[in-house]
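Please read the structure below before turning to the comments.
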Amino acid sequence: MPRFEALVEVQLRPGISDPAGATIERALPALGFSGLSAVRAGKAFRLHVEAAGPDEARNLVEALSSRLLANPVIEEAAVEVFELGRSGAGQVPAQGAG
């Protein structure tokens, strides 16, 4: 069965207060960074999935995201799926994923 790597990025929905992002943004000038704004903090998850194809892998990871990785009331999750090479190394964007 083909193997895929999935990247799930979870962040607060627009309009939801992001205190971690605001704290980071306020610290940037003191650290010598300028020209940066709209900082949003979030979480990233990487996992390997065995599935018949990229669409099945994406559906599985999206279900996992909405049930476990993100709180759908205040967070949104973006899912990317990559086809793993035979050795399990290297990523190739999965056909049909997107």
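Remarks
- Placing unit charges on the Cβ atoms only, positive for Lys and Arg and negative for Asp and Glu, gives the chain a dipole magnitude near 220 debye about its Cα centre.
- Potential lengthening of the chain between VAL73 and LYS43 amounts to 9.2 nm, from the contour at 0.36 nm per residue minus the alpha-carbon distance.
- Total formal charge among the other residues, if their Cβ is under 12 angstrom from that of ASN71, Lys/Arg +1 and Asp/Glu -1: +1
- Multiplying the residue separation of LEU36 and ILE16 by 0.36 nm and subtracting their alpha-carbon distance yields 5.2 nm.
- Summed residue charge, Cβ within 15 Å of ALA38's Cβ, Lys/Arg positive, Asp/Glu negative: +1
- Coarse-grained scattering of the chain at q = 0.15, 0.18, 0.19, 0.23 Å⁻¹, given as base-10 log I(q)/I(0) from a Debye sum over alpha-carbon atoms: -0.69, -0.83, -0.87, -1.05
- Annotation: average projected area of the stretch 1-46 is 4.8 square nanometres, based on the convex hull of Cα atoms across all directions.
FYI, it's all coordinate maths here, none of it is from the lab. All of these numbers come straight from a predicted model, not from anything done at the bench. Virtual Cβ from ideal backbone geometry, glycine too; neighbours counted across all protein chains shown.
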